[in-house]
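Enquirer: Quick one: the structure is below, and I'll ask about it shortly.
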Amino acid sequence: MTLDVRAAGRSAFLVTFDTLDEVVAFRAGLEATPVAGVTELVSGARTLLVRFDPGRTDPARLGPCLQSVEPVPPTRADLGEPVTIPVTYDGADLDAVAATTGMTRAELVAWHTGQLWTSAFCGFAPGFSYLTGSAPSLDLPRRESARTAVPAGSVALAGEFSAVYPRTSPGGWQLIGRTDVPMWSLDRDPPALAPAGTRIRFVEAGKA
């Protein structure tokens, strides 16, 4: 199958996919077999921006290399241990989400902690990682009206994703809990705790 690869300025390509799973698998394949001259990969929900150094490669050489990348499923054994994030499940929307899904609070917490999450891409704010789970999605709608200030550390659900708010900001996701783990810190390298490809395991605080 021919990829949809288009120039994005003079030093990048934008690769477009049909699904988020295809983005994740393609990025994993590109990282598993690095291409000379590629300097940065920026994931989106349906796209991957591939930046390159014009001094080391050019579109005529890089384009065919991208077409030959073999996607890799995101369940490789060599990814190492996931990052553990303890969560206190007392979010303002926890009961409403449980009612919407037909679960009890305990069942909803078990669903959230009982699967492996993967950072598909980052956006909205520095350190805000869109996490996809290994269990079937609840496909939750966002709130009808966004909150003007969601506290930093809030653990939330929306659509097919879960996320942790890295700082206090407006937001319309459903809040199910909170954590003290900082998602963004300039004292780390990289500052984001969960750049694309990072695996996350949520655990109930006090039971880790």
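Only the coordinates and a few stated rules stand behind these numbers; no lab work does. Please read all numbers here as calculations on a predicted model, not as lab measurements. Virtual Cβ from ideal backbone geometry, glycine too; neighbours counted across all protein chains shown.
Enquirer: By how many nm would the segment from Asp53 to Leu14 grow when fully extended, if each residue of separation counts as 0.36 nm and the alpha-carbon distance is taken off?
Expert: 12.6 nm
Enquirer: If you average the C-alpha positions of segment 14-39 and of segment 84-115 separately, how far apart do those two centres end up, in angstrom?
Expert: Using only Cα atoms to place each centre, the spacing works out to 32 Å.
Enquirer: Over segment 128-208, what portion of Cα pair distances is larger than 21 Å, expressed as a whole percent? Before the final figure, lay out each step's value.
Expert: Working: 942 of 3240 pairs.
For segment 128-208, the share of Cα pairs beyond 21 Å comes to 29 percent.
Enquirer: As an exercise, use a Förster radius of 30 Å and the Cβ-Cβ distance of Thr168 and Ala36 to find the FRET efficiency, rounded to the nearest 0.05.
Expert: Values: r = 42 Å, r/R0 = 1.41.
Step by step, r from the Cβ atoms, then E = 0.10.
Enquirer: Provide the per-residue ³J(HN,Hα) series for segment 199-205, in order, calculated from phi with Karplus coefficients 6.51, -1.76, 1.60 and θ = phi - 60°, each as a whole number of Hz, with x at glycine and proline positions.
Expert: Karplus values, whole Hz, x for Gly and Pro: 9, 10, 10, 7, 10, 6, 4.
Enquirer: What nm value, rounded to one decimal, do you get for the distance between Asp180 and Ala92 when each label is placed 7 Å out toward the C-beta?
Expert: Between Asp180 and Ala92, the label points sit 2.3 nm apart.
Enquirer: May I pose another question? Taking the Cβ-Cβ separation of Ala60 and Ala125 as r and a Förster radius of 22 Å, what is the calculated FRET efficiency to the nearest 0.05?
Expert: Working: r = 37 Å, r/R0 = 1.69.
With a Förster radius of 22 Å, E is 0.05.
Enquirer: Follow-up question, since we're still on this one. Would you mind giving the average projected area, over all directions, of the Cα convex hull of the chain in nm² with one decimal?
Expert: Values: hull surface 51.6 nm².
Value for the chain: 12.9 nm².
Enquirer: Also: Apply 1/(1 + (r/R0)^6) to the Cβ-Cβ distance of Asp189 and Thr104, taking R0 = 30 Å, and write down the FRET efficiency to the nearest 0.05. List each step's numbers first, then the result.
Expert: Working: r = 41 Å, r/R0 = 1.38.
About 0.15, to the nearest 0.05.
Enquirer: Output the relative contact order of the chain, whole-number percent, from Cα pairs under 8 angstrom with separation of 6+ residues.
Expert: On the way: 415 pairs, mean separation 43.4, N = 208.
Worked out over the chain, it gives 21 percent.
Enquirer: Now for a separate question. Against the globular-protein guess of 2.2 N^0.38 Å, express the Cα radius of gyration of segment 163-208 as a ratio, rounded to two decimals. Don't skip to the end; give the middle numbers.
Expert: Details: Rg = 12.0 Å, N = 46, 2.2 N^0.38 = 9.4 Å.
Compared with the compact-globule rule of thumb, segment 163-208 sits at 1.27.
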